[in-house]
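The values are calculated or read from the model by the stated rules, or taken from the named source; none is laboratory data. If you're wondering where the values come from, they're calculated on a predicted model, not measured in any experiment. Counting neighbours? That spans all protein chains shown, and the Cβs are built from the backbone with ideal geometry, glycine included.
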């Protein structure tokens, strides 16, 4: 008779599944990762994964939540080590923080159009609450790091989030696109994610803040 798996073992297995999925998603597109792939990477049968995650979307959402938490931790460290004195300085910290987390940027780009559509209402509400907690944490970090952002933290984080999704799409290049951009005159479309995000975020912050502040 098989021995029952204890709660600690279940927690560890759940975390192992999330870690395995994160590794695969770092290397492949969402459509190219299956639950069978995740199970095989861990030496498990696919049916075991269903005991923890009912769908691929539910699993990937957990990966996103983990990446979001890690980003907040990273951003806190960056802001502590790099005091902000201008819109350019803040934009540099924010852009660098996401440039270091390419998986999170890629998941941002599919969360609303793919992941959320196949969730139960209960799971969707739980995710939105976690997103709200991340928004509030990020807002507090920004407002405590730079006085001109007092009362503007949430709108800044939301604007940055939308900007990151757009710039992520703009700068992601497939091998065929790379070849196309070798055509004379098309090099202008070869954009760097961190550089472009910092530049556009600076423009946006200059608009959010009152004239003359933070420049």
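Worth a mention:
- Residue in the range 180-201 that is touching a residue at least 24 places away in the same chain (Cβ under 8 Å), part of a helix (DSSP H, G or I) and either under 16 Å from residue 146 (Cβ atoms) or in contact with a strand residue (DSSP E or B) (Cβ under 8 Å, 6 or more places away or on another chain) (or both) present: yes
- Selection within the range 149-166 - over 13 Å from the mean Cα position of the chain (by Cα) and crowded, with 18+ Cβ neighbours inside 10 Å: 149, 152, 153, 156
- Test for residue 49: is it in a helix (DSSP H, G or I), more than 19 Å from the chain's Cα centre (by Cα) and either farther than 24 Å from residue 110 by Cα or not assigned by TED's automatic domain parsing to the domain that holds residue 108 (or both): yes
- Filter pass, residue 31 being surrounded by fewer than 13 Cβ atoms within 10 Å (Cβ to Cβ), assigned to a helix (DSSP H, G or I) and over 23 Å from the mean Cα position of the chain (by Cα): no
- Subset of the range 136-148 that is surrounded by 17 or more Cβ atoms within 10 Å (Cβ to Cβ), touching a residue at least 12 places away in the same chain (Cβ under 8 Å) and part of a helix (DSSP H, G or I) - its residue that is farthest from the chain's Cα centre (by Cα): 148
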